[in-house]
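S.K.: First the structure, which I've put down as structure tokens, then a few questions once you've had a look.
Values in this text are rule-based calculations from the coordinates and carry no lab data. No experiment lies behind these values; they were computed from the predicted model shown. Positions of Cβ are backbone-derived with ideal geometry, glycine not excepted, and every protein chain shown enters the neighbour counts.
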């Protein structure tokens with residue numbers, strides 16, 4: 001089990017990271033790499049426009065990348081070109097990350113269908129008080145509930161089959177270091193669940209909320225479906241459930 005002093009990340013070490021990159025590149029032709037990357041880039045661009053545009057931390061990130069661009073080129077670039085290159089590099093990073101997470105859409109649907117606007121509903125789950133791992137014939141599910149809403153995440157054949165465990169460990173590591181403790185939090189322990197949402201896990205994103213964090217869970221189209229408002233202890237409970245499943249051999 002991870003301890004607070006251990007580094008957390010998507011990959012356990014550099015060798016695993018480079019193995020993932022090599023595996024992805026070796027399986028793709030040049031045209032295929034472009035098609036996959038262009039599709040993932042479009043999703044990353046839509047996410048940035050929807051969730052990051054106008055946020056001060058996003059602006060700071062782009063300014064930092066601009067400085068890296070300046071360091072990489074001997075002759076200074078025009079400010080407009082430098083800013084555009086920084087944005088492209090950032091979105092490329094998101095796109096490449098999504099490819100390694102296997103979050104791109106391989107359904108083969110028509111491009112217009114993939115890029116068409118879709119209705120967006122986000123279900124809010126506040127500070128989960130019921131967390132359990134279920135093993136069934138088709139794989140593992142993580143059940144999370146706040147008393148009003150039950151979320152059932154399909155994780156694959158093992159609890160870590162699609163990266164959910166390392167994602168939650170990442171989120172917990174950040175929350176443990178960057179959120180403030182508070183006693184003024186809503187209690188939903190006596191609430192009655194009204195809705196169950198089943199979600200095939202396709203990645204998540206973390207949003208800093210000061211005294212807690214918000215974890216956005218994405219569907220297979222890259223759209224956020226569920227937002228979990230969680231404290232450090234809530235994320236720790238999820239990690240414990242999935243790590244227990246790993247130790248027990250999954251199914």
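S.K.: Write down the radius of gyration of the stretch 35-83 and its Dmax, each obtained from C-alpha positions, in Å.
M.R.: 13.2, 35
S.K.: Something else now. Can you figure out the FRET efficiency of residue 137 with residue 61, using R₀ = 45 Å and their beta-carbon distance, to the nearest 0.05? Show your work: numbers first, answer last.
M.R.: Numbers: r = 44 Å, r/R0 = 0.97.
Efficiency for this residue pair is about 0.55.
S.K.: From largest to smallest, what semi-axes in whole angstrom does the stretch 123-247 give when each is the square root of 5 times an eigenvalue of its alpha carbon gyration tensor?
M.R.: Values: eigenvalues 90, 55, 39 Å².
Semi-axes, largest first: 21, 17, 14 Å.
S.K.: Hey, another quick one. In nm, to one decimal, how far is the residue 38 label point from the residue 92 one, both placed 7 Å along Cα→Cβ?
M.R.: Reported label-point gap for residue 38 and residue 92 is 1.6 nm.
S.K.: Please find the FRET efficiency linking residue 244 to residue 20, where r is the Cβ-Cβ separation and R0 is fixed at 25 Å, and quote it to the nearest 0.05. Could you put the intermediate results ahead of the total?
M.R.: Details: r = 25 Å, r/R0 = 1.02.
FRET efficiency, residue 244 to residue 20: 0.50.
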